[in-house]
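Visitor: Please see the structure below; I have some questions.
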Amino acid sequence: MSVAVLGSLESGVQIEVPGCEPGIGKVILSPTSPDLIADVEIKPFPLWPDDRGYFLEIARTGQGLISHFPSTSTQVSAALNHPGIIKAFHYHKLQTDFWVPAAGLLQVALVDLRQGSRTFARKNTIYVGALRPWQILIPPGVAHGYKVIGEQPSVLVYVTNRTYDPSDEGRIPYNDTGIAYDWELQHK
């Protein structure tokens, strides 16, 4: 049962807030997990630490998860986030996001809003950052957000396949009852 229709993607696929079971959904422990939302891609990235800190390569144009991003409209941005903050939820009708958590730890929440998708209404939780350096590709129609966990700030570097357009972005409250995401400490 869906809660609210949000519009449709460029492909004509309708997007809507589903009626999800309360909780955090499936925790993704491997980039090849069968529980991963359709069209979301994850790839570990290498860190090169030394006695001065570490170096990480965000992306190479034309290679990897962003290989199809056009060079004429790709945008690279970064967000510094304080411990404990929640930035959720938003989605795009056209834009694809490529996230690289460069510092700190994030609890990333994803929800498939694409009616007709084989994973419609599925929730994923992905713990990423300094202890799990993974890149995440998030397609249009998948709501996404995160919470900074731990005591250190986080830095999220993100690349988008198009220049930011506010009319392409939709927002859903972090505590939306249709998504029913549990942002509390899980005590597992």
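Visitor: Using the structure shown, decide if F89 is in a strand (DSSP E or B), loosely packed, with under 12 Cβ neighbours inside 10 Å and not aliphatic (A, V, I, L, M).
Guide: When the stated conditions are applied, F89 does not pass them.
Visitor: Is it true that some residue in region 115-129 is surrounded by 22 or more Cβ atoms within 10 Å (Cβ to Cβ) and basic (K, R)?
Guide: Within region 115-129, one or more residues are surrounded by 22 or more Cβ atoms within 10 Å (Cβ to Cβ) and basic (K, R).
Visitor: Would you confirm whether or not region 22-38 contains a residue that is surrounded by 16 or more Cβ atoms within 10 Å (Cβ to Cβ) and over 15 Å from I126 (Cα atoms)?
Guide: No; the residues of region 22-38 include none that is surrounded by 16 or more Cβ atoms within 10 Å (Cβ to Cβ) and over 15 Å from I126 (Cα atoms).
Visitor: Something else about it: Given the condition closer than 29 Å to F120 by Cβ, surrounded by 13 or more Cβ atoms within 10 Å (Cβ to Cβ) and without any contact (Cβ under 8 Å) to a residue 60 or more places away in the chain, answer yes or no: does some residue in region 52-75 qualify?
Guide: Looking for residues that are closer than 29 Å to F120 by Cβ, surrounded by 13 or more Cβ atoms within 10 Å (Cβ to Cβ) and without any contact (Cβ under 8 Å) to a residue 60 or more places away in the chain, one finds none in region 52-75, hence no.
Visitor: Based on this model, can you work out whether D165 counts as modelled with pLDDT of 95 or more, of a type outside the set (A, V, I, L, M, F, W, C) and at negative phi?
Guide: Answer is no for this residue.
Visitor: Can you pull out every residue in region 101-147 that is among the β-branched types (V, I, T) and under 24 Å from L47 (Cα atoms)?
Guide: V108, T125, I126, V128, I136, I138
Visitor: From the list L29, L65, exactly one residue is assigned to a loop (DSSP other than H, G, I, E, B) and aliphatic (A, V, I, L, M). Which is it?
Guide: Testing whether each residue is assigned to a loop (DSSP other than H, G, I, E, B) and aliphatic (A, V, I, L, M) leaves just L29.
Visitor: Would you mind finding the one in I37, I28, I42 that is within 22 Å of T96 (Cα to Cα), modelled with pLDDT of 95 or more, in contact with an Asp or Glu (Cβ under 6 Å, 6 or more places away or on another chain) and hydrophobic (A, V, I, L, M, F, W, C)?
Guide: Only one candidate passes the filter, namely I37.
The values are calculated or read from the model by the stated rules, or taken from the named source; none is laboratory data. Computed from a prediction, not measured in an experiment: that's the story for all the values here. FYI the Cβ positions are ideal-geometry reconstructions off the backbone, even for glycines, and counts take in every protein chain you see.
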